[in-house]
Structures are given as C-alpha cells and as structure tokens.
Amino acid sequence: MSISQLARTIKESPTLKLNQTAARLKDKGEPIIHLGGGEPKSKAPIDAVVNCATQLNTGDVKYAPADGLPDLKKAIIRYMEDHYHHSPAPHNVVVSSGAKQSIMILLYAILEPKEEVVFPAPYWVSYPEMVKLAGGVPVVVTPEDGSFQPKVEEIAEVIGPYTKAVILNSPNNPCGVMYSSDFVAEVVELCEKKGLYLILDDLYNRLVFEMYAMTGFRIGWAILNSELAEAMTNIQSHQTSGPATPSQWAAVGALNGMQSTIESLRLTLENNRNVMVQRLKAFEGIKVTKPDGTFYCFPDFRAYEKDSQRLAQFLLEKVRVVTVPGKEFGMEGHLRLSFCGTLKDCTEGVERIQWALDPEAPNEIYLGERKLVRDWK
C-alpha cells in the first residue's frame, strides 16, 4: 500500500509542529518560552461565548447552509460596511471553517492543473502547500532589495501564460509589514490588465496598530463575485457541509457584541511590539523592521547564523525559546518572533536569545531555578 504522489509532496505545517514540540517539552517541566505561536493569550470575547452557550442550551444544533448561517452573513456584511465601506450581497459571502479553508476552497474553485499562483516573500507558510494541493504551481517573488516591500514590476516579471492568480497578505505574516495603498492599487490594475484573480488575505486587518482572540472556533469568510461564491459553496458542501453551527453562533456574538475587548487586545499587542522591537534593535548585528500590524516581527539573524532552521533548533535546545525559521516563509536567515504572549515572555525570550548568541554575554544564566553555563562559542 502507498500514499499518493501529491501527499508525498506536502510538508507538515512547521508552525503546528513547533507548537507540538513546545507543548511536549512544557509537559516535561521545561522552562519553555514560546515566541513561535500565533494565538493571543486573551480569552474569547464574552459576547461570543454567551451567544454560543445560549444557542447550545436550546439543544437545537442542526446542519447550517453550506455557505453560512443567514445571521452570520448579516453580521459579516455589517462588518464589511464598517471597515471596508463595501456592502456585499448575502450571496457574495461564503463562510468557512477558518481563513485556511476559505483560501483553500477558493484555490480549488479557480485553478486548473499546473496553473500558477504568484505571491511575494515573505509569505504565510501554507501558501505553497495550499497551491500544490489545488493542483497549481506556487511562484514566489522575492524583493531584490532585501526588504519586505515588493515592487509591482517584480510581480509583473514572473507573470506568464500559466499565471492564474496573485495573493497579497497585508498586514503580512510573518513580518507585520503593511503594503502601501498605492502598491495594492497598482497590483489591482495589473491583475485587471492581465485578467488574473487577486486574492487579498486580510486575516490581520483589525490588528493594524484589532482581532477576536477566538482562534479555536475556526471561522473565516470570503467575499467574492457570484460565480465564484457559488463554486466555493458547491465545493464546501461536499468537503465539510459547511462550518460548525456553534462556531458560527460564536462569530455572530463576536461581530455584533461590544468591540472594546479588541481595542484592549490591540493596545496590549502594540506595547509588546514596541518592547520587543526596542530590545531587538539594541542587539548588535540584528536587523529588524518595526511591524505595522499582526503580532509578529521578522528579524534578520544572518550576522550570527545564515541557516534559520539550525538557529531555531539551537535556541530551542540551549535556552528553550521557540521561534519559527524564516526559511519556511521564503526568507532564509530570519526568524519569526511572536509578541502575542505576555510581556514577560517577550522580554525574557529576547534576553535568552541574546545570551545564547552574544559571545560577550555572561557565562551563566538562570532559566527559572535552573542555571545554564555556556558550553559553546
């Protein structure tokens, strides 16, 4: 017995693998600091929990329409009006089990075998694998100037007869950079001229220095034209029959409820960002771009180690700090550091990294009650 060729080409999600490794070490009592995660420590909004619990208490938990509950669509349309000044019709909204499924089903709906999807580096780790799962070919555009801001000309250069779509993720995971409105407008014009789909991944749109800390409910949505929305709904109806109704009830509560918790979360993350960036900039040899949004930064560690996987493993082994190798995001020599944990984790995590890499640092450090002595150069 064997698995398919496609299955053999798909890599495990590096971020999920890191989470598993960190959880295993923590269960063993190791003093782990997790700077690799993408999940705020704050709890889900109370309005989300209450609305979900109220509906669950009725015991009436049935199938929902494949493209989402009408009440959730109404809440999403109001959200779009408030934050995008755009009022889509209900049939243009497709609700899925998280942003991953929204993008995945969209790719299924538009790609023919071997057609190409273009996206800039650094990119979200799942983009290449998702494109391959849908039968397409990922094409990465790496800015020549080494920055996180691609030029439209660089995207245009890789567009060919097999190109079908362009993906932009702003604010960007992993680097937190926001693309300028002029750049996005130019990419829109380019895609219109070439007859390409433009996929805007706005997962972090409300973390521009906002977001509901309820990742476990797994709800996302897409706004599309009628033809694509129908195609996505048909695919989703066979794949999952639609998102779980309790999760949709929670999403309705979050979207319709008090929004003050989002601002509180944003302010906490902004403070964490400022502290982490300040400490990284004081770290000789490290280059860091201040994030405009998300809860990630993407420092360049090539002055110490060009192999990001080796560096991430070294930091985990020596000082028990979890980071994500930049290679997974299309930029070697960088590490993705998350500041969505506690401020203590942010500060102590960077301190441990600095101690591990700086040969001028003291020879000893304490991790909790455990004393570490440097046995490397």
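Values in this text are rule-based calculations from the coordinates and carry no lab data. What you see is a predicted model, and the numbers here were worked out from it, not measured in a lab. FYI the Cβ positions are ideal-geometry reconstructions off the backbone, even for glycines, and counts take in every protein chain you see.
Quick notes on this one:
- Spin-label model distance (nm) - residue 375 vs residue 84, 7 Å beyond Cα toward Cβ: 5.5
- Rounded FRET efficiency, nearest 0.05, which uses the C-beta distance separating residue 188 from residue 62 and R0 of 51 Å: 0.80
- Modelled FRET efficiency - R0 25 Å, residue 13 with residue 237, Cβ distances, 0.05 increments: 0.45
- Over the chain: helical MRE at 222 nm, DSSP H runs n ≥ 4 each giving -39500 (n - 2.57), nearest 500: -13500 deg cm²/dmol
- Backbone geometry of region 291-300 corresponds, through the Karplus equation with coefficients 6.51, -1.76 and 1.60 at θ = phi - 60°, to 3J(HN,Hα) couplings of x, 8, x, 6, 9, 10, 10, 9, x, 9 Hz, x marking Gly and Pro.
- Anisotropy class of region 1-116 from Cα gyration tensor, a/c 1.5 cut: oblate
- Radius 12 Å from Cβ of residue 197, net charge of other residues (Lys, Arg +1; Asp, Glu -1): -2
- The lysine pair count for region 46-256, using Cα distances under 27 Å and pairs eight or more places apart or on different chains, is 24.
- Zone of residue 71's modelled label, taken as backbone nitrogen in region 16-52 under 15 Å from a point 7 Å along Cα→Cβ: 47-52
- Segments 141-153, 125-137 sorted - mean Cβ within 10 Å per residue, highest first: 125-137, 141-153
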